Amino acid sequence: MILDGQDSHAIERAALALRAGELVAFPTETVYGLGADAANDDATRGIFRAKGRPSDHPLIVHLPDGLRQAESLSRFAQPLPAFGRALADAFWPGPLTLIATRQPGVGAAAAGGQDTIGLRCPDHPVAQALLHACARHGVPGLAGPSANRFGRVSPTTAAHVAGEFGDELLIVDGGPCTVGIESTIVDCSRGAPVLLRPGVITRAQIERVAGERLRSQAELAQPDPRASGTLESHYAPTAKVRLMDGRMLQSALDVLGAQAAHIAVWSRTPLKSRSQRLILRRMPDDATEAARQLFALLRQFDDEGAKLIWIETPPDGPEWEGVRDRLMRAAA
């Protein structure tokens, strides 16, 4: 059932359902999340069952903003280091997840059994209305991976979620997501900032605020904490995705000629085809807009009957890192 996120009674209904241990899908600025009370391990395990997600693949806990944030943060995590606190102050609410050392005895299911936990404060008015309503009912935060079956394309509208789960759960509708890909993830648990997943917040932005260089996972000898959305194959539509440069795309279309069918193409380079059955979409030159369109477009290509999706490899600039990451995993 889809609830109107602008309706305070709908928000209250969703908060009470979450307090009772039920699952509720909710909007954020990145993608729609499949939420459960993160302090209730039994409720959180329901997320893994509903998604078909391995129970050792951790979730991200979403926190309210304002005065309630510090209380919820301390409930789930030990104090952040100075650079982590600086990142939270600069980018929360926003599309940044911080990995912190978990408080003993809380959030074990959300953390996938690890001693670290991912935390984020979303920048979406409906998400925040729900999180504050939950906090008033004793729910300090919501575990919330993307509201789709495991490994599939993340949803950016309430209709996408309904297409995945039907009438199985409550869905709070907050409109289309404005960012469109999942948050940047930075590990703050090992004494230095480590990038675990790129997003729309770039390396340069993180380094400027943290005051030190952002490490990669390969640089540290310690085992990496598992993080949401970092499996090699992820975000995959039903159609097979292939990345190639603009010249290769044009050459492939030339070879197929008028026979090109059931193929969707997303490219920045202007392309020509003799086929009337080709699904051709223009990739924006702006990385932020490309990120906003990405998952919705992959779902649209599936809906339009594409069997193959050919995508021009995005540019190498740092602002494209999040889009490149999602496309490489979709094509794996």
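Quick notes on this one:
- Across region 240-331, Cα pairs under 8 Å and at least six residues apart give a relative contact order of 40 percent.
- Surrounding net charge for E71, when Lys and Arg each add one and Asp and Glu each subtract one, Cβ distance under 13 Å: +2
- Placing unit charges on the Cβ atoms only, positive for Lys and Arg and negative for Asp and Glu, gives the chain a dipole magnitude near 700 debye about its Cα centre.
- Using alpha-carbon coordinates, inclination of helix 125-136 to the longest axis of the chain, degrees: 20
- Which label in (1) 28.8, 102; (2) 19.4, 59; (3) 20.0, 62 gives the computed Rg and Dmax of the Cα atoms in Å: (3)
- Between the amide H of V265 and those of I279, L280, R281, W310, distances stay under 5 Å, these residues lying 5 or more places away or on another chain, with hydrogens modeled in the peptide plane.
- The chain: angle of helix 67-76 to the longest principal axis, Cα-based, in degrees nearest 10: 90
- Residues of region 278-304 with an amide N closer than 11 Å to a point placed 7 Å from the Cα of A261 along the Cα-to-Cβ direction: 278.
- Sorted by Cβ neighbour density within 10 Å, fewest at the top, the residues W310, W92: W92, W310
- Ranked list, fewest to most other Cβ atoms within 10 Å of each Cβ, for E212, E207: E212, E207
- Acute angle (nearest 10 degrees) that the helix 321-331 long axis makes with the longest principal axis of the chain, alpha-carbon atoms: 70
- DSSP bridge pairs, the chain: antiparallel proportion in percent, nearest 5: 35
- Between D254 and E212, the simple label model (points 7 Å from Cα in the Cβ direction) yields a spacing of 5.2 nm.
- Exposure proxy ranking, count of Cβ atoms within 10 Å, fewest first, for R120, R281: R281, R120
No value in this document is a laboratory result; all are computed from the given coordinates. On a predicted model such as this, the values are computed, not experimentally measured, just so you know. Methodologically, a virtual Cβ is constructed for each residue, glycine included, from the backbone with ideal geometry; neighbour enumeration extends over all protein chains shown.
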